[in-house]
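Q: Dumping the structure here so I can ask a few things about it.
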Amino acid sequence: MTSTPDITIIAGPTAVGKSAYAITQARAKNGVIINADSVQIYADLPILSARPTHADMVTVPHELYGILDARTVCNAQDYVDRAVAAIHTAFENGQHPIVVGGTGLYLTALCDGLSPLPSVPEDVRVQARALHAQMGTPAFHAHLATLDPVMSQRLRPTDTQRLIRAAEVFMATGRSLATWQDAPRVPPLPTARFHKILVDGPRAVLRMRAQSRLGAMITAGAIDEVAEFLDRILRDGLDENCPPTRALGYSAFVDYLDGVMDLDTAVASAFTQTAQYIKRQQTWFRHQMAFDDVVE
């Protein structure tokens, strides 16, 4: 890697067209596209997670898409380690790294670093996951409040993965995860120059795009994909809240398959989830990241 490498960051809310824009940039810059989406990194649910198509991925090089099994937990540090390795490889191959995605934590961790976090023994991880499975998410959140009230306030009561992470860190160290998170950050690429681009648009336009994309996903087989994944959860004994289940619309289509709601209601619920996520992403990028350019 050169002493002052240039890296392009392309961020933005879901359905805005980041992937298409990244492909345009990659063609112009001899680039390799590196994923920064916390669901697209998993092999399961490629349709529902809106992973780039096979045709897109052979047009220009793509990295860190569909590389993890559902059993694997990928936290922000895990992601940074993989992304840094992919960036080094890109430079070694004479390619320009273009990191694209909508998971803000991944992007800020890559650019600014993470506070040093403790390693958690595997037996503690297993114990925390087993406790969550036994208690269920609402009770587990209440339990976390007794262990680590600061983190229980910081986290959404439904954010299963981060609730478990906070509990296992406290169980392993006796200290709140907040004390680790608030420590000084160490940038993983201290000499890099990041050119940060926000791809955005009016919320009403993004909602229309999201609705159209949802219809295309259903036509492409997203519901069958969810059914197959539910079969895999039972067959392989996966955690029913494993990371791929964070895909937008997943819970709604599970309810449809379970007979809890009809298809129209499930589609409406999936769209509502997506619209709410777009709003959260736009707010997050507006307040948590500074961009060199905005593309609409």
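The values are calculated or read from the model by the stated rules, or taken from the named source; none is laboratory data. Bear in mind the structure is a predicted one, so any value in this text is a computation, not a measurement. Cβ atoms come from the backbone with ideal geometry, glycine included; neighbour counts cover every protein chain shown. These area figures cover heavy atoms from the full protein model, side chains too; ligands, DNA and RNA do not enter into them. Shrake-Rupley method; radii C 1.70, N 1.55, O 1.52, S 1.80 Å.
Q: Return the only residue of THR103, THR14 being farther than 22 Å from THR219 by Cα and of a type in the set (S, T, N, Q).
A: On the way: THR14 fails: farther than 22 Å from THR219 by Cα.
From the options THR103, THR14, the qualifying one is THR103.
Q: Out of (1) more than 13 Å from the chain's Cα centre (by Cα); (2) under 23 Å from LEU198 (Cα atoms); (3) of a type in the set (Gly, Ala, Ser), the odd one out for SER115 is which?
A: Failed condition: (2).
Q: Answer yes or no as to whether ILE98 is in contact with a Lys or Arg (Cβ under 8 Å, 6 or more places away or on another chain), closer than 30 Å to ASN241 by Cα and outside any helix (DSSP H, G or I).
A: Working: in contact with a Lys or Arg (Cβ under 8 Å, 6 or more places away or on another chain): yes; closer than 30 Å to ASN241 by Cα: no; outside any helix (DSSP H, G or I): yes.
Against the criterion (in contact with a Lys or Arg (Cβ under 8 Å, 6 or more places away or on another chain), closer than 30 Å to ASN241 by Cα and outside any helix (DSSP H, G or I)), ILE98 does not qualify.
Q: How many residues are crowded, with 23+ Cβ neighbours inside 10 Å and aromatic (Phe, Trp, Tyr) if we restrict to segment 7-51?
A: Matching residues across segment 7-51 total 1.
Q: Does segment 177-195 hold any residues that are over 30 Å from ILE98 (Cβ atoms) and either of a type in the set (Phe, Trp, Tyr) or at pLDDT 95 or above (or both), and which are they?
A: Kept after step one, since they are over 30 Å from ILE98 (Cβ atoms), are these residues of segment 177-195: 177-180, 182-183.
Hit for segment 177-195 is TRP180, nothing else.
Q: Looking at segment 242-255, is at least one residue of a type in the set (A, V, I, L, M, F, W, C) and free of Cβ contacts under 8 Å to residues at least 60 places away in the same chain?
A: At the first step, the residues of segment 242-255 found to be of a type in the set (A, V, I, L, M, F, W, C) are 242, 247-248, 252-254.
Cutting the leftovers down to free of Cβ contacts under 8 Å to residues at least 60 places away in the same chain gives us 252, 254.
Checked segment 242-255: at least one residue is of a type in the set (A, V, I, L, M, F, W, C) and free of Cβ contacts under 8 Å to residues at least 60 places away in the same chain.
Q: Taking the stated definitions as given, is MET57 at pLDDT below 95 and not in a loop (DSSP other than H, G, I, E, B)?
A: Yes: the conditions hold for MET57.
Q: Let me ask something else about it. Within segment 193-215, does at least one residue satisfy the condition of being open to solvent by less than 70 Å² (accessible area, probe 1.4 Å) and farther than 21 Å from ALA11 by Cα?
A: Yes: one or more hits.
Q: Scan segment 240-266 for residues that are within 14 Å of ILE223 (Cα to Cα) and hydrophobic (A, V, I, L, M, F, W, C) and jot them down.
A: Step one: list which residues in segment 240-266 are within 14 Å of ILE223 (Cα to Cα), which gives 245, 247-259, 261-266.
ALA247, LEU248, ALA252, PHE253, VAL254, LEU257, MET261, LEU263, ALA266 - these are the residues of segment 240-266 that are within 14 Å of ILE223 (Cα to Cα) and hydrophobic (A, V, I, L, M, F, W, C).
Q: Could you count how many residues in segment 1-42 are without any contact (Cβ under 8 Å) to a residue 60 or more places away in the chain and in a loop (DSSP other than H, G, I, E, B)? Full working, then the answer.
A: Step one: of segment 1-42, the residues without any contact (Cβ under 8 Å) to a residue 60 or more places away in the chain are 20, 23-24, 27-28, 41.
Checking which are in a loop (DSSP other than H, G, I, E, B) leaves us with 41.
So the count comes out to 1.
Q: Would you please name the residue that is nearest to ALA270 (Cα to Cα), looking only at residues in segment 176-192 that are in a loop (DSSP other than H, G, I, E, B) and open to solvent by 80 Å² or more (accessible area, probe 1.4 Å)? Step through it out loud before you land on a result.
A: Filtering segment 176-192 for residues in a loop (DSSP other than H, G, I, E, B) gives 176, 182-185, 187-192.
Subset that is open to solvent by 80 Å² or more (accessible area, probe 1.4 Å): 182, 184-185, 190.
Values: ASP182: 35, PRO184: 38, ARG185: 36, PRO190: 40 Å.
Once the filter is applied, the top-ranked residue is ASP182.
Q: Also, quick follow-up: Inspect all residues belonging to segment 132-152 and state whether any of them is closer than 27 Å to TYR277 by Cα and in a strand (DSSP E or B).
A: no
Q: Does LEU147 fit the bill of being in contact with a Phe, Trp or Tyr (Cβ under 9 Å, 6 or more places away or on another chain), closer than 19 Å to VAL169 by Cα, open to solvent by 30 Å² or more (accessible area, probe 1.4 Å) and in contact (Cβ under 8 Å) with a residue 40 or more places away in the chain?
A: Values: in contact with a Phe, Trp or Tyr (Cβ under 9 Å, 6 or more places away or on another chain): yes; closer than 19 Å to VAL169 by Cα: yes; open to solvent by 30 Å² or more (accessible area, probe 1.4 Å): yes; in contact (Cβ under 8 Å) with a residue 40 or more places away in the chain: no.
Criteria not met by LEU147.
Q: So for segment 74-92 (the condition being open to solvent by 20 Å² or more (accessible area, probe 1.4 Å), touching a residue at least 24 places away in the same chain (Cβ under 8 Å), touching a Ser or Thr at 6+ places or on another chain (Cβ under 9 Å) and outside any loop (DSSP other than H, G, I, E, B)), does at least one residue qualify?
A: The answer is yes; a qualifying residue exists.
Q: Take the residues of segment 251-296 that are open to solvent by less than 70 Å² (accessible area, probe 1.4 Å) and of a type in the set (Phe, Trp, Tyr): which is nearest to GLU225 (Cα to Cα)?
A: The qualifying residue nearest to GLU225 (Cα to Cα) is PHE253.
Q: Next up: Output the residue which, of all residues in segment 235-250 that are outside any helix (DSSP H, G or I) and charged (D, E, K, R), is least open to solvent (accessible area, probe 1.4 Å).
A: Taking segment 235-250 and keeping what is outside any helix (DSSP H, G or I), we get 237-242, 247-249.
Subsequent filtering for residues that are charged (D, E, K, R) retains 239-240.
Values: ASP239: 65, GLU240: 131 Å².
For segment 235-250, the residue satisfying everything is ASP239.
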